[in-house]
1. Could you pull out every residue, at least 5 positions away or on a different chain, whose amide H is within less than 5 Å of the one on Met154? Hs are placed 1.01 Å off N in the peptide plane, and Pro or chain starts have none.
2. Report, ordered by chain and residue number, the aspartates and glutamates lying within cross-link reach of Lys490, taken as a straight Cα distance under 18 Å and ignoring same-chain residues fewer than 8 apart.
3. Could you derive backbone 3J(HN,Hα) for the range 37-49 from the dihedral phi with the Karplus parameters 6.51, -1.76 and 1.60 (θ = phi - 60°), listing whole Hz in sequence and x where the residue is Gly or Pro?
4. With 10 angstrom as the radius, rank Tyr301, Tyr340 by how many other C-beta atoms surround their C-beta, starting from the fewest.
5. Read phi for every residue in the range 67-72 and hand back ³J(HN,Hα) as whole Hz from Karplus 6.51 cos²θ - 1.76 cosθ + 1.60, θ = phi - 60°, with x for Gly and Pro.
6. Within the chain, what percent of beta bridges assigned by DSSP are antiparallel, to the nearest 5?
7. Taking H placed 1.01 Å from N in the peptide plane, check which residues at least 5 places from Leu415 or on another chain put their amide H under 5 Å from its amide H.
8. For the range 317-329, just list the computed ³J(HN,Hα) in residue order, Karplus coefficients 6.51, -1.76 and 1.60, θ = phi - 60°, integers in Hz, with x standing in for Gly and Pro.
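Read-outs throughout are calculated quantities, based only on the coordinates presented, and are distinct from any laboratory measurement. All figures in this text were calculated on a predicted structure; none of them were measured in a lab. Cβ placement follows ideal geometry from the backbone for every residue including glycine, while neighbour counts extend to all protein chains displayed.
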Amino acid sequence: MLSITFISLFIAMILYFSFPSILLKMGEKFSHDGDYFKAKTYYDKINENFPKASVTESALEKAGYVSAIHNKIMISSSGFGPIYNSNHYIFPETRAYYEEILQRFPRGLSAQRVRYNLLIPDVQGEVLHGNVEEAIEMIKSFYANIHNETPRYMNAYTINGAIQAFEVKGYDEEAKDLLRWIIDYEDDWEKNIFQDYLSRLENSKDAYGSVTGKVSLRGKSFKNIPVFLQYQDTPDGTLYGFTQEAFWAITDNNGNFEFPNIPEGRYTVGLIGDLDQIGDTVLQGNPFEHTDFTIEKGQTYDFNISFVDRMKIISPVDGEEIKEDFIQFQWEPLEGAAYYTIALGISFEGASGTRIYGKYNTNEALVSKEDILYLHNFHTFDEEGPIPEPFFGFMNPKGQLFWGVHAYDENDRLLSSSIGYIRDESTEFSIGEIELTEGDKKLLKRDYAGAIESYEQSLAENKEDIHSLLMLARLYNFEQKLSNYTYGNKEKAKEYYRRLHKITGNEIFLENSN
């Protein structure tokens with residue numbers, strides 16, 4: 001009996017000590033799958049129930065990491081979307097995790113990494129409040145301490161990012177002195193990274209401009225919002241998001257931000273937000289009128305970024321199937337709106353696109369189902385060639401239709417919209433399933449040649465076969481030059497769009513017929 005009790009106790013002890021590791025693995029799996037909220041619950045359980053376990057330090061660090069990206073969004077002149085972790089800013093919840101690590105596990109590897117994550121925000125805070133000497137001492141002390149740690153964890157880009165806080169605010173000489181101090185330090189560790197930065201500062205020739213702005217939320221100042229400027233060094237195209245070299249500022253208590261000392265060049269501007277705060281809002285007006293802008297010496301560029309409540313839609317909603325030939329879209333009127341446009345959208349396998357349709361002076365629109373079927377949206381492709389479903393446009397058999405509305409003032413300035421940063425499933429609707437033709441079935445199997453042959457055959461039998469004409473026009477109009485898709489023919493596409501316009505009289509086809 002005693003031996004059985006001992007064995008049971010032994011097994012229980014094994015389970016107790018292994019359970020935190022099991023929870024950690026489960027959290028890592030959810031994090032890998034993108035379910036950060038679920039992952040964080042597992043990391044928190046480890047900290048709450050096994051505070052002295054060997055994996056608790058790692059769990060706290062991982063909880064801090066997922067809290068930094070979960071429910072956060074990047075909004076910039078080049079688009080919006082989820083973010084990746086950056087040590088250029090820190091939200092309160094994440095800071096709380098990191099400070100707990102420093103307090104409970106000060107000698108661990110997690111603590112070493114966490115100190116880097118806190119360095120830039122802490123230096124930015126000191127510089128922002130004019131405590132320049134304190135900020136300098138903070139960097140020097142940090143750099144000296146990391147050389148005495150065993151094992152040594154190094155990240156030159158983070159230290160450069162902290163020094164960048166001086167440059168942004170116009171403390172160029174202080175930034176240069178700090179870089180020289182690091183370069184002269186006894187260690188040769190990654191000196192070239194600091195030397196490159198110093199060379200850029202020394203060769204800048206005082207060619208600086210400034211960027212200012214204000215961020216508001218529902219008419220009130222929006223404080224503690226990270227704002228970034230990303231230098232665009234690609235001549236053809238625009239880099240999405242931000243890199244290690246981006247400049248950062250934080251909005252103050254009045255929602256203002258300032259980059260008083262930015263080198264000349266082409267930039268994009270953006271910010272990081274928490275969806276718990278801005279998830280039900282949209283940007284008013286067009287604060288990012290151009291995808292990028294060029295900073296010139298002595299010039300100041302100002303941005304007014306205002307988040308306002310989303311508009312409310314009335315119908316159709318909740319996946320309603322429209323059986324009539326016309327769809328009546330209705331929404332709540334917005335005070336001050338001179339006119340509205342509706343946006344018709346389709347989502348497919350994580351991607352989505354919208355088309356602006358019509359201009360209306362009242363809070364309702366009557367749209368023919370035929371028009372929606374004729375609209376085209378977006379193309380996608382992979383290594384096998386174009387993905388078939390988008391060729392169907394709003395008839396995509398695997399797509400989900402949704403809609404929204406935009407409101408404008410008399411000067412064509414966007415006042416608000418029903419389409420925000422979180423997908424609202426209540427705006428979905430359906431126009432019923434289409435009956436697939438032989439050509440459709442072949443197209444869905446990626447038999448492009450077979451699909452074209454079937455559509456052409458159907459057209460030979462019925463010269464006014466609108467569906468075959470439309471699918472052929474889209475297949476011939478595909479513009480991407482891919483080795484595994486050789487059927488593009490712009491002249492044929494134009495011919496078929498002209499025929500569609502002649503048969504239907506619908507002006508939608510004119511945009512592709514010339």
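1. Those lying under 5 Å, H to H, from Met154: there are none.
2. Partners within reach: Glu453, Glu456, Glu479, Glu511.
3. 4, 5, 4, 5, 4, 6, 5, 5, 4, 4, 5, 6, 9
4. Numbers: Tyr301 18, Tyr340 24.
The fewest-first ordering by Cβ neighbours comes to Tyr301, Tyr340.
5. Result, ordered by residue: 5, 6, 10, 5, 6, 9 Hz.
6. Details: 63 of 73 bridges.
Bridges in the chain that DSSP calls antiparallel: roughly 85 percent.
7. Gly285, Ala407, Tyr408, Asp409
8. 9, 6, x, 4, 8, 8, 9, 7, 7, 10, 10, 9, 8
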